[in-house]
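**Q** Handing you a structure now.
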Amino acid sequence: KLGMSVTELESRLEAGDTISVIAYEKGLSAEQFTTLMQEARSLALQQAVSNGKITQQQADWMSQRGAGMMGGPAGTGAGRGAGGYNAACPYAVQP
């Protein structure tokens, strides 16, 4: 969805870029980025269940508590930085 290979993405992340910066540079809106991250999280949980790393019950629990992702339950603002604000995120709304 970012229009790059896994190797390219890993290289950027290893170089210090964040996934939000990469997505922003690729032209994703904040809504598209949130959807992308939710889909990736869901797929990762499904894969962990398939691989026997976690149970379906654990995956369901994690899904229910990760609705807001990237910082905590939806609407809590419990993220990185003071009050959930992360200045390094290009999608962050400045307080």
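**Q** Going by the structure shown, is Gln64 more than 22 Å from Gly3 (Cβ to Cβ), open to solvent by 60 Å² or more (accessible area, probe 1.4 Å) and modelled with pLDDT under 95?
**A** Spelling it out, Gln64 is indeed more than 22 Å from Gly3 (Cβ to Cβ), open to solvent by 60 Å² or more (accessible area, probe 1.4 Å) and modelled with pLDDT under 95.
**Q** So, one more: Where residues in the stretch 24-33 are out of contact with any Pro (no Cβ under 6 Å at 6 or more places or on another chain) and touching a residue at least 40 places away in the same chain (Cβ under 8 Å), which of them is farthest from Gln57 (Cα to Cα)?
**A** Ala30
**Q** I'm trying to understand the selection: among the residues of the stretch 1-52, which are open to solvent by less than 80 Å² (accessible area, probe 1.4 Å), outside any helix (DSSP H, G or I) and among the aliphatic types (A, V, I, L, M)?
**A** Leu2, Met4, Leu28
The values are calculated or read from the model by the stated rules, or taken from the named source; none is laboratory data. Since we're looking at a predicted model, the values are computed, not measured. Backbone-built Cβ (ideal geometry, glycine too); neighbour counts: all protein chains shown. Areas reflect the complete protein model, heavy atoms only, side chains present, ligands, DNA and RNA absent. Shrake-Rupley method; radii C 1.70, N 1.55, O 1.52, S 1.80 Å.
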